[in-house]
Amino acid sequence: MKIKTILTGLATTAAILAASTHVDARNPKLRANNIDAIIKTMTLEEKVDLIVGARMYHQDPDAAPHIKESWKVIPGAAGRINPVPRVGIPCVVLSDGPAGCGILPVEGEENYFCTHFPIETLLASTWDVDLVRNVGQVIGNEAKEYGVDVLLAPAINIHRHPLCGRNFEYFSEDPLLTGKMAVAYVDGVQSNDIGTSVKHFAVNNQETNRMNNSAIVSPRALREIYLKAFEIVVKESQPWTIMSSYNRINDVYTSESPELLTTILREEWGYKGTVMTDWWGGADGASQMIAGNDMLEPGTKEQAAHIIEGVKNGTLDEAVVDRNVRRILELVVKTPRFKGYKYGNNPDMKAHASVTRQSATEGMVLLKNDNRALPLSSQDKNIALFGVVSYNFFSGGTGSGDINRPYVVSLLDGLKNQNITVDENIKALYQAHNKPQEQGEQKRIGEMPMDTAIIKYAARSNDMAIITLGRISGEYVDRVSSDFFLSETERELVKNVTRIFHAANKKVVVVLNVGGVIETDSWKDMPDAILLSWQAGQEGGNSVADILTGHANPSGKLPMTFPVTLSDHCSSLNFPIDQKIDRRWSVKTGLTHKVKNVDYTLYDEGIYVGYRWFDTQKLQVSYPFGYGLSYTTFEYGKPSVENSQGEVTIRVSVKNTGGKAGKEAVQLYVEAPAGKLDKPVHELKAFGKTRLLKPGESQVVTLTIHTDDLASFDEEQNAWVTDGGKYKFVVAASSRDLRGSVTADVSPSVRKVNDVLRMPAAFKK
Ligand code: BGC
């Protein structure tokens with residue numbers, strides 16, 4: 001290179017540097033390229049204002065006037081980054097998540113309705129990353145049009161146990177399915193140039209004592225099960241923010257854990273974004289700063305004081321505070337609000353309603369369909385509709401995952417919208433029963449006992465019966481075992497309706513409007529068909545009717561196992577099942593190992609979560625992971641394999657052999673050769689979904705695996721180890737419906753990582 005060119009280059013670099021560090025001392029204003037210079041002009045108190053955010057309609061009487069002023073910006077959003085107007089930092093708005101944009105109504109303020117989309121569990125049941133990306137894109141658009149900068153979603157904790165109150169907000173029991181769904185969701189939302197907050201990092205698998213519980217987990221289970229989905233989404237999508245969880249991992253609050261938030265998240269995975277706490281999470285503000293938990297969203301006055309005191313007494317280096325403030329400002333300058341985006345408060349609600357209606361049908365799971373009971377035929381004109389929930393559908397769960405939706409289409413309305421006649425007398429009985437409940441209000445309601453004389457009348461006057469069973473749960477409280485099992489009244493209803501209708505030669509369909517797993521084994525023989533509709537958003541009743549009538553062909557498959565009974569889950573030994581200790585979420589205590597499953601929870605099952613446990617133990621299940629029927633049938637061809645340069649590619653042709661157009665979710669499970677570590681009998685390593693195939697049509701589905709992803713975590717070496725040898729790659733319609741396999745030789749590899757997040761000595765085996 002010539003000297004002149006070098007000099008010109010240096011001069012340009014110097015000019016850029018000067019511009020990026022320049023601030024007008026009298027009127028400093030944040031720009032994308034002067035963050036460090038702005039930080040230099042900020043007082044410690046201003047930095048702490050930025051770090052410690054505000055919550056929904058915050059009422060701190062001591063707040064500065066400019067902060068009080070900022071509460072007027074979308075007061076119903078869950079939180080905000082405080083503005084520092086002196087240096088041009090605007091207030092940045094954060095809203096929940098995940099089933100749409102969560103802006104709550106606030107008295108005296110204008111009420112903005114948001115579209116209620118299907119719960120994440122339903123989205124995962126689609127096994128369709130393109131669909132989930134599209135839903136994310138639409139949710140993100142709605143959020144942006146309401147002035148939101150960061151959506152507090154997706155939530156990606158693992159379904160460790162069916163009774164976790166928030167499972168509906170999470171995708172699956174499997175980390176790969178969860179991770180890939182998260183990537184699609186984040187890419188979709190962030191394509192609008194707004195942010196996401198992937199939560200709750202990590203191991204937030206129960207609501208009982210959620211702000212204090214210490215999850216005692218082995219490094220192997222952490223790496224392979226509980227951190228894996230976060231690793232995938234960080235590496236593939238770089239979410240703008242990550243939300244640390246309330247709980248402790250191996251006795252350390254996640255928001256105070258440098259091993260989690262710096263060593264693993266940033267150093268090992270290369271995370272570049274900002275970390276925020278869950279609302280008032282953790283305890284010590286200074287430790288949170290050091291750990292790399294950039295923002296306390298919101299934090300308490302005590303936590304703010306810890307930071308200020310820490311800097312003043314020298315235990316917290318101000319450079320650490322500056323590092324975190326820099327990450328916050330890097331987030332701020334990307335937001336629509338900083339860029340002056342003019343939102344119209346007028347998203348296309350009609351278009352979004354049709355997206356939720358159609359997407360929901362693709363995640364509904366047809367569990368049973370004897371003698372082609374579904375779709376309804378032209379003979380099925382008059383329907384006796386049973387179950388209180390048929391008339392008051394649950395669109396989603398409760399707590400911060402709920403949405404201020406404009407309406408919910410019940411199954412009653414959905415059927416009527418498709419000109420199906422519903423028995424008026426039965427309807428009148430249920431509507432009288434449902435009365436005390438506000439229309440659209442979602443809370444648990446007991447099933448109504450139904451007299452057999454009425455059922456006999458119904459069987460005489462109708463062509464068939466539909467029974468809806470419903471469950472709702474949500475943040476703060478775990479489900480109890482009676483949420484899993486059918487109540488006596490529900491059991492009687494299913495038993496009597498099926499007996500009486502079958503005696504009249506008429507069919508019965510059960511619809512499950514639930515947010516999580518329920519018991520099905522003891523009663524599934526009774527009805528002719530069972531449709532797991534999940535909680536399908538505000539258009540739920542229309543989506544179910546689309547499937548019942550055959551306008552849509554179900555293609556959902558289970559993202560978790562439906563066990564025979566609750567105690568079949570290995571984690572049932574260590575989960576707060578019906579534990580009557582009122583330490584649900586807000587009482588902060590010191591670290592204690594006093595009450596099992598409340599103060600601490602031992603993840604004794606290790607990596608044996610979900611099908612990894614059931615399939616390895618060869619336990620009978622009610623419906624296996626990955627299971628779901630269609631109105632058509634699919635035949636899998638012989639798979640082929642190509643193995644080169646650390647990548648194994650499996651191709652399989654899938655043919656629609658039935659009479660209706662449909663889609664098939666194809667799964668790839670891998671059986672590893674015997675090695676030093678014990679392993680599940682097989683693990684999901686890839687999946688794909690066909691396009692809509694017409695009868696007779698085929699499609700080749702291509703599934704690719706990096707051999708690195710075959711590694712297990714060896715705690716002795718602190719390394720991801722891929723054993724060398726012959727691996728079996730199995731294409732499957734569910735984890736128990738294996739359709740064909742190929743083998744490939746894989747070379748061994750060892751990838752060392754850090755020795756962190758160890759279990760406390762007292763719990764080590
Ligand atoms: C929940 C988060 C939520 C936050 C803000 C917390 O209680 O755990 O998931 O984003 O509240 O509403």
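Quick notes on this one:
- Once the Cα gyration tensor of the range 543-664 is diagonalised, semi-axes √(5λ) in Å: 40, 23, 14
- Against the chain, whose longest principal axis is taken from its Cα atoms, helix 175-190 shows a tilt of about 70°.
- The lysines whose alpha-carbon is closer than 24 Å to the alpha-carbon of Lys596, local same-chain residues fewer than 8 away aside, are Lys580, Lys588, Lys764, Lys765.
- Rolling a 1.4 Å probe over the protein chains gives Thr41 an accessible area of about 50 Å².
- Of all DSSP beta bridges confined to the chain, the antiparallel ones make up roughly 60%.
- Of Lys368/Lys655; Lys180/Lys663; Lys68/Lys272, those spanning more than 24 Å from alpha-carbon to alpha-carbon: Lys68/Lys272
- Radius 11 Å from Cβ of Pro624, net charge of other residues (Lys, Arg +1; Asp, Glu -1): 0
- Sequence ranges 24-32, 146-154, 646-654, ranked by mean other-Cβ count within 10 angstrom, highest first: 146-154, 646-654, 24-32
- Cross-link pairs Lys660/Lys689; Lys381/Lys416; Lys676/Lys726; Lys235/Lys679; Lys381/Lys427; Lys524/Lys685 - those with Cα-Cα distance over 19 Å: Lys235/Lys679; Lys524/Lys685
- Within the range 359-567: Cβ-based charge dipole about Cα centre, in debye rounded to nearest 20 (Lys, Arg +1; Asp, Glu -1): 440 debye
- Short-range pairs are left out: with C-alpha atoms under 8 Å and at least six residues apart, the relative contact order of the chain is 14 percent.
- Kirkwood estimate for the chain, i.e. one over the average of 1/r between Cα atoms, Å: 27.3 Å
- In a fully extended conformation the segment linking Thr41 and Lys381 would gain 115.1 nm over its present Cα-Cα distance, using 0.36 nm per residue.
- R0 of 30 Å, Cβ-Cβ distance Ser481-Arg758: FRET efficiency to nearest 0.05: 0.35
- Using alpha-carbon coordinates, inclination of helix 301-313 to the longest axis of the chain, degrees: 30 degrees
- Taking the average, over residues, of other Cβ atoms within 10 Å as the packing measure, peptides 316-327, 275-286 rank 275-286, 316-327 from highest down.
- Evaluated at q = 0.16, 0.18, 0.29 Å⁻¹: base-10 log I(q)/I(0), Debye formula over Cα of the range 701-761: -0.67, -0.77, -1.21
- Crossing angle, helix 129-145 versus the chain [Cα axis fit, 0-90 degrees, rounded to tens]: 60 degrees
- Classification of the range 346-429 by its C-alpha gyration tensor yields a prolate form. The axis ratio a/c (a ≥ b ≥ c) is 1.5 or more, and a/b outweighs b/c.
- Net charge of neighbours whose Cβ lies under 13 Å from the Cβ of Gln137, counting Lys and Arg as +1 and Asp and Glu as -1: -4
- Normalised by the number of residues in the range 359-567, the average gap of Cα pairs under 8 Å and 6 or more apart makes the relative contact order 38 percent.
- At 0.890 mPa s and 25 °C, Stokes diffusion of the range 632-765 via Kirkwood alpha-carbon radius, µm² per second: 149 µm²/s
- Net +/- balance of residues flanking Glu318 in space, Cβ distance below 13 Å, scoring K and R +1, D and E -1: 0
- For Asn382, residues with placed amide H under 5 Å, excluding near neighbours: Asp463, Met464
- Alpha-carbon Rg with Dmax, taken over the range 359-567, Å: 15.8, 46
- Working note: Cα atoms of the range 432-522, range along each principal axis, descending, whole Å: 46, 32, 18.
- Packing-based ranking, highest mean first, of 358-366, 457-465, 718-726 given that Cβ atoms within 10 Å are counted: 358-366, 457-465, 718-726
- Applying a 4.7 Å cutoff between beta carbons, the unpaired cysteines of the chain are Cys91, Cys164, Cys570.
- Candidates Gly590, Thr704, Tyr623 compared by Cα position along the dipole of the chain: farthest toward the positive end lies Thr704, with charges placed on Cβ.
The values are calculated or read from the model by the stated rules, or taken from the named source; none is laboratory data. Note that the structure is predicted; figures quoted are calculated from it, not measured. Quick reminder, even Gly has a Cβ in these numbers, built from the backbone with ideal geometry, and neighbours come from all protein chains shown. Ligands, DNA and RNA are stripped out before the accessible areas are found, and what is left, the full protein with its side chains, is counted by its heavy atoms. Shrake-Rupley method; radii C 1.70, N 1.55, O 1.52, S 1.80 Å.
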